[in-house]
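The values are calculated or read from the model by the stated rules, or taken from the named source; none is laboratory data. Owing to the predicted nature of the structure, the values given are computational and were not obtained by experimental measurement. Counting neighbours? That spans all protein chains shown, and the Cβs are built from the backbone with ideal geometry, glycine included. When the accessible area is computed, the model is the full protein with side chains, heavy atoms only, and any ligands, DNA or RNA have been set aside. Shrake-Rupley method; radii C 1.70, N 1.55, O 1.52, S 1.80 Å.
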Amino acid sequence: MEREKVYEVLTGVFRDVFFDDSIEINDATVAGDIDGWDSLMHITLIGAIEDEFEITIPMKDVVGMKNVGEMVDTIMELAD
């Protein structure tokens, strides 16, 4: 899956999870950039990503992600 396609799908997931159609994400996006993205919502977000991309993200990767760019890298690795 190409990075642009991952971003297209991932943006939809973010918008659904956070109920905000104005959300725009990029490689540098972090939790502090999105209202409501706390530790509980992070778990909800990861679950939604796993469902959408039909992958399972190992916990070591979940806790190691520092920004959306790393999230996209992980999705690309697991979705292939």
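Counting only DSSP H runs of at least 4 residues, each contributing -39500 (n - 2.57), and dividing by the residue count of the chain, the helix-based mean residue ellipticity at 222 nm comes to -19000 deg cm²/dmol. A simple rule links phi to the HN-Hα coupling: the Karplus curve 6.51 cos²θ - 1.76 cosθ + 1.60 with θ = phi - 60°, which for region 9-24 gives 5, 4, 4, x, 5, 4, 5, 5, 5, 9, 6, 9, 6, 9, 5, 10 Hz, with x for Gly and Pro. Computed from label points 7 Å out along Cα-Cβ, the spacing between Lys5 and Glu70 is 2.6 nm.
Kindly give Rg over Rh for region 28-80, based on alpha-carbon atoms, with the Kirkwood expression for the hydrodynamic radius.
On the way: Rg = 10.6 Å, Rh = 11.3 Å.
My calculation of the ratio gives 0.93.
Annotation: per residue accessible area for the chain equals 61 Å², rounded to a whole number [probe 1.4 Å, protein chains only].
What order, most packed first, do the peptides 45-58, 66-79, 22-35 have when packing is the mean number of other Cβ atoms within 10 Å of each residue? Intermediate results must be reported in sequence, preceding the final value.
Numbers: 45-58: 14.9, 66-79: 16.6, 22-35: 13.3.
Top of the packing list down: 66-79, 45-58, 22-35.
Counting protein heavy atoms only, the chain has 51 percent of its accessible area on carbon and sulfur, 1.4 angstrom probe.
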